[in-house]
Every structure is written in C-alpha cells, then in structure tokens.
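The values are calculated or read from the model by the stated rules, or taken from the named source; none is laboratory data. As the structure is a prediction and not an experimental result, all values here were calculated from the model. Using ideal geometry, Cβ is built from the backbone for each residue, glycine included, and neighbour counts are taken over all protein chains shown. Keep in mind that these areas ignore ligands, DNA and RNA; they rest on the heavy atoms of the full protein, side chains included. Shrake-Rupley method; radii C 1.70, N 1.55, O 1.52, S 1.80 Å.
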Amino acid sequence: MIDTYNEYHLGDNLIHLNWIRKQALINPNKQFRHFLQPGYVAQCNDVIDGVPNIRLLELSYAPSTAVNCWINAEGLFNVEHIRKNWVFFHLIHFARLARKLGLKQITYSRDDLLMDYPALTVDNKLCKAFDILVINAAPMSGQFNQFDATHFVQLVQILVDSKLSVITTEPTKLAPSTIEEGFTVSQIGSLSRYCKAILAVDTGPLWPTFNIHNKGALRVIRSEEHTSELQS
C-alpha cells in the first residue's frame, strides 16, 4: 500500500494527485491511498476518476506510516534558487517523493506537470461563454503576500468596460463567478479551454487551467503584471 497525505490546501493536493494518477496507471498492481482535508475530497475525486487503484480518504484516517507529500515537508521549498522555478522544483520534488515511496523512477518532464484527467473535458453549460477567466481566489500559502481583492475588482471593471465577457472565481458584483454559477474546480479547467486569456494569482483554482487541452492556446497573465497591458 502506497500511503501519502497532505494537510494543506486544495492546490497542493491537486498537483500531487495529478502525479499520483500517473504513478497508479503505470503501477496497476500497487494500491494508492491519499489522505487530505475532508472539504477537498469531492473536488479531488475528479482527478483520480477512472483509476481503480487510488482512493482518497479523510486526513484523520491517515496511518502513522503515511508519507507527508507537502512540498516543504523536508525543507526543499526553502531552497531559494529551486523554488523560484516552479517546473524545476516539482521535478526534483516528485523524484525525491518517488524514491521515498519506493516507486520506480519515471521520465517526468515539464509537460507531464500539466493536468490530464477526463473531468477536464466535461463542460459546464457556461464554459464557452467567456473571453477572460479571472482567478481571484485568495492564495492560502503565502505565495503572494501583497494580494488585495480590490485590485482584482478594479481589473474586472477595466475588462467589463472594454466590452469583454468575464467570469471570476470569487464574486465581484461586476461579472458572473464560478462560485455563484456552481462550477467545480475541474470545470474551471474545462472553461480554460475556451477563454482567450486568464488573469490569475497563483492559487488552487489556477492549477486545472494548466492542462493538456489548452497547451499553447491561451495566455496566463499573472497578477503582478501592469494593468495597462490589459487596456492595450
């Protein structure tokens, strides 16, 4: 039995499960269990759908032998020159995790970090309706300490005034939001296949938008970029 756990946030678990899914598919004779916060189980079940040798369970059931798969469990994320490159960091992190779990090293590249699971092609009825996806959910892991929700409200106003159709992840009262429209996190990933650009802060709902179906088809504009670019 391969047991892992992550006591932190949705994004951490989505990224890990995308990797575990690949491991389970190439190791069909091994059983995998991942333990996480109860509130994330339903959303994360989409990632492992169709893979019979993975189960998600609530964190309180994790055995003492389960391996902590949090990215900074052994201080790796504290190494500044590694953490500055998201892809490089995760390639190292997953190689170390494979060794710890006793899994065969697999060739894992930049493209393998893209989300790849069936629910990313299941459309919400509104998936094709928007030019711009704004991911304005607050980051929960300190990755953007200057986050200010009002900044995103101002950006959404610029986009709406420019006659662009916009959907946000958190309500702004200026445009529809995925929360109000009942999108799952995977449906946000599906939506990203149709929109022209994503304006985002690095946080959980962003990760399913990095998927194999929209590779090279859209641009992600990070929140640090100047708003003047949106007006050009």
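For the reader, a short list of remarks on this structure follows.
- Of all residues in region 97-109, those that are surrounded by fewer than 16 Cβ atoms within 10 Å (Cβ to Cβ) have Cβ atoms under 8 Å from Cβ atoms of residues that are assigned to a loop (DSSP other than H, G, I, E, B), 6 or more apart or on another chain, in Arg99/Gln105; Lys104/Asn27.
- Residue tally, condition open to solvent by less than 100 Å² (accessible area, probe 1.4 Å) and either closer than 24 Å to Pro28 by Cα or not in a helix (DSSP H, G or I) (or both), over region 60-86: 13
- On inspection, Ser60 passes the criterion of being at pLDDT 95 or above, farther than 16 Å from Trp207 by Cα and of a type in the set (Ser, Thr, Tyr).
- Hey, Arg99 in a helix (DSSP H, G or I) and of a type in the set (D, E, K, R) or not: yes
- Against the list (1) open to solvent by less than 20 Å² (accessible area, probe 1.4 Å); (2) at pLDDT 95 or above; (3) within 20 Å of the chain's Cα centre (by Cα); (4) not basic (Lys, Arg), the condition Phe89 fails is (2).
- Taking region 164-197 as the range and being without any contact (Cβ under 8 Å) to a residue 24 or more places away in the chain and charged (D, E, K, R) as the test, the residues that pass are Lys173, Glu180.
- Just one of (1) within 17 Å of Ile15 (Cβ to Cβ); (2) at pLDDT below 90 fails for Thr209. It is (2).
- When the residues of region 48-59 are filtered to those that are open to solvent by less than 40 Å² (accessible area, probe 1.4 Å) and either assigned to a loop (DSSP other than H, G, I, E, B) or among the hydroxyl-bearing types (Ser, Thr, Tyr) (or both), the one that is farthest from His34 (Cα to Cα) is Val51.
- Lys30 being surrounded by fewer than 20 Cβ atoms within 10 Å (Cβ to Cβ) and closer than 13 Å to Met115 by Cβ: no
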